[in-house]
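First the structure, in the form of structure tokens, and then the observations on it.
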Amino acid sequence: MVNATQVPFELGLVSDALTLGNDLYVRTYEVVARVSERGDVTVLHMFGAQSPLAFRGLVFTEGRLWTVDRPLNGRPVLLELSLAGDVRRHDGMPLHLPTGLTVLNGHPLVLDFDGPVTRLLAWSDGTAVERACARTLTHWTASGEALHFSDAQGLHRLSERGVEELSDRTGIQTFHGTEHVVTQWLDDGWPVFSVITPEGGTTVRAVDRPVAFHPLPSGVFVRFRNRIGRADAPGELRALPDAVDLGKVLAWGGGLAYIRDDRQLHWSADTENWTVLEPVVRASDLVAVDATQLVISGRRTSAWVTVD
């Protein structure tokens, strides 16, 4: 069973979080703020009215915090914040509908959707540079030095060398590395999935999206909405307990965690034996921080949770 320390703080609807030193930095619908180890909140920046489609990413690079302001009336703007709360707006990056924010080779990179194309825009030396385009983007992961993404043309890797094609498979829905891939096609109007692993491929029917891989110390698992199983045996799927209204599912503390229907935190090292952590706040969402830390967030309060 996982043991964890919970630090409650008075901010709700947290969407993104990261740690710097001993402090937690969070982005909510309304603010960017710093949270101390005791749960004290210092607001660094307050946003004006945000669009219902607001994207609220938060990353740290070049000694600054970076996020996206999506005002109710007006176009989205990339923001640069010092740790003291000084703000610079970068209107020189033309944004339409930001759907992702990460760091690539030390520079902030925004994934900006202008259907059906997603542009990957880096902010470097005061200039927006288009690094790549994805047509019908389905999944992406970033490691700092490279970004992998799948789209209608296959699986690709973006790095300082440019874009490399890793696979020309069509219908990729998600991936883990290059050897674990899920593809989808239609049979008589019904979705059919193929789970491809180093051991081979298996067809899976009568399951729902979203689909995701979860690499754990006990193995790589594949999940179709609220059903999960080992990636090398996807025909043996189990339902996650009390997870009809399933939100985010995160790797944390050497296992998998999610908020179940009764608002408790469920955790398992093997996806079969589950334990419960009672949150100190009424939570409805999980936010990843790193492998040992996460934020559980409700409408008005949240908690910073760390594995002991």
Checklist entry - Which one of these does Gln153 not meet: (1) open to solvent by 30 Å² or more (accessible area, probe 1.4 Å); (2) within 27 Å of Ala257 (Cβ to Cβ); (3) among the polar types (S, T, N, Q)? => result (2)
Item to check | In the stretch 1-33, residue nearest to Ser284 (Cα to Cα) [restricted to those that are open to solvent by 60 Å² or more (accessible area, probe 1.4 Å) and not acidic (Asp, Glu)] | outcome: Leu13
Item to check | Residue list for the stretch 265-288, restricted to those being in a loop (DSSP other than H, G, I, E, B) and open to solvent by less than 30 Å² (accessible area, probe 1.4 Å) | outcome: Thr271, Pro279, Val281, Ala283
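Let's see how each residue does on (1) modelled with pLDDT under 95; (2) among the β-branched types (Val, Ile, Thr); (3) in contact with a strand residue (DSSP E or B) (Cβ under 8 Å, 6 or more places away or on another chain):
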residue	(1), (2), (3)
Thr5	no, yes, yes
Glu10	no, no, yes
Ala17	no, no, yes
Arg34	no, no, yes
Val43	no, yes, yes
Pro52	yes, no, no
Leu65	no, no, yes
Val68	no, yes, yes
Asn73	yes, no, no
Checklist entry - Among the candidates Val31, Val59, which residue alone is over 29 Å from Leu158 (Cβ atoms) and of a type in the set (Val, Ile, Thr)? => result Val31
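Output the strands (runs of 3 or more DSSP E) that fall wholly within the stretch 164-239 and possess 2 or more residues being β-branched (Val, Ile, Thr) and either surrounded by 12 or more Cβ atoms within 10 Å (Cβ to Cβ) or under 18 Å from the mean Cα position of the chain (by Cα) (or both), or say none.
172-176, 180-187, 190-197, 200-204, 219-224
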Next on the checklist: Let me spell it out: the conditions are (1) open to solvent by less than 50 Å² (accessible area, probe 1.4 Å); (2) out of contact with any Leu (no Cβ under 9 Å at 6 or more places or on another chain), and Arg161 meets all of them except one. Which number is the exception?
Outcome noted: (1)
Checklist entry - Can you tell me how many residues in the stretch 240-253 are open to solvent by 40 Å² or more (accessible area, probe 1.4 Å) and either in a strand (DSSP E or B) or touching a residue at least 60 places away in the same chain (Cβ under 8 Å) (or both)? => result 1
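The values are calculated or read from the model by the stated rules, or taken from the named source; none is laboratory data. Owing to the predicted nature of the structure, the values given are computational and were not obtained by experimental measurement. Every residue, glycine among them, receives a Cβ derived from its backbone with ideal geometry; neighbour counts consider all protein chains shown. Side chains included, ligands, DNA and RNA excluded: accessible areas come from the protein's heavy atoms. Shrake-Rupley method; radii C 1.70, N 1.55, O 1.52, S 1.80 Å.
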